């Protein structure tokens, strides 16, 4: 046992003896042994220390609370920023982008309608809204009236087409044709006047019309939706000029002798005669007397395929 331990042991014995004689607490007895101040003074000092410690602890709690409030305020704007970023997704429109072919298929939009990719031809068509029962319906095009006479039908076919732009009109299926339709309300409309068909009652490879001859049925090839026109740049091919008319829904190849309006889809040319469409593998004239040179046909075909 060391000297310090011996001294501590002796003082401990003295404190026990004082406690036994006087009845004071062990703490007070130790105070007397070590020659310290009275117990009351010790108690007051201890009380002061305790009060000071409590105040410091309370002050720390207040500081922590204030700091916590500041952190919450700073965190709030971060959540708001995330919401804004999620909403600001880019959109594409055929009317705003000239190089339509470079726009991702799933982002293309035409006249406010989202388009989808044709998996066979890589052509882009407007989605059709869900069908109305099982009745055959045809939707009036925005430019359908251009192909109509103003004095045909009950109150004029042109007026009827203008009044029903974007609406589906019921078709009388008792008499079917390859490129024109009788409506149940007494009008005759053409392929050039409509842009979509629902529940087409015709069958591919079957003949319709008075002679029952098998003819081209463009809307069966298109799956009921008229293909859109990409805004392709004007280009010269010999004496011919190629132009794009998205608002009228056709391409045009023309020179001083003839004008050919057509739709390009799935590598084929749907050539308009004002009523319907004739299908060709290469561009051709609507008149047998006017032929398009082979070089012009091939050069135009190559040019269009670079966009589809």
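Scanning region 259-308 for residues that are in contact with a helix residue (DSSP H, G or I) (Cβ under 8 Å, 6 or more places away or on another chain) and over 19 Å from residue 227 (Cα atoms) returns a single hit, 284. Going residue by residue through region 291-300, is there one that turns out to be part of a loop (DSSP other than H, G, I, E, B) and surrounded by fewer than 17 Cβ atoms within 10 Å (Cβ to Cβ)? Yes, region 291-300 contains a residue that is part of a loop (DSSP other than H, G, I, E, B) and surrounded by fewer than 17 Cβ atoms within 10 Å (Cβ to Cβ).
Within region 269-283, the set of residues being surrounded by 18 or more Cβ atoms within 10 Å (Cβ to Cβ) and without any contact (Cβ under 8 Å) to a residue 60 or more places away in the chain comprises 269, 270, 271, 283. Report, by residue number, each residue of region 170-182 that is under 21 Å from residue 146 (Cβ atoms) and without any contact (Cβ under 8 Å) to a residue 24 or more places away in the chain. The one that is under 21 Å from residue 146 (Cβ atoms) and without any contact (Cβ under 8 Å) to a residue 24 or more places away in the chain: 182.
The rows are residues; the columns are (1) within 27 Å of residue 177 (Cβ to Cβ); (2) at pLDDT below 95.
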residue: 227; (1), (2): yes, no
residue: 236; (1), (2): no, no
residue: 246; (1), (2): no, yes
residue: 257; (1), (2): no, yes
residue: 261; (1), (2): yes, no
residue: 268; (1), (2): yes, no
residue: 297; (1), (2): no, no
residue: 304; (1), (2): no, no
residue: 308; (1), (2): no, yes
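Among the residues of region 164-183, the ones that are more than 17 Å from residue 273 (Cβ to Cβ) and either surrounded by 13 or more Cβ atoms within 10 Å (Cβ to Cβ) or in contact with a helix residue (DSSP H, G or I) (Cβ under 9 Å, 6 or more places away or on another chain) (or both) come to 11 in all. For region 184-222, taking the residues that are free of Cβ contacts under 8 Å to residues at least 40 places away in the same chain and either part of a strand (DSSP E or B) or in contact with a strand residue (DSSP E or B) (Cβ under 7 Å, 6 or more places away or on another chain) (or both), the one that is farthest from residue 276 (Cα to Cα) is identified as 184.
The values are calculated or read from the model by the stated rules, or taken from the named source; none is laboratory data. Computed from a predicted model, the values in this text were never measured in an experiment. Using ideal geometry, Cβ is built from the backbone for each residue, glycine included, and neighbour counts are taken over all protein chains shown.
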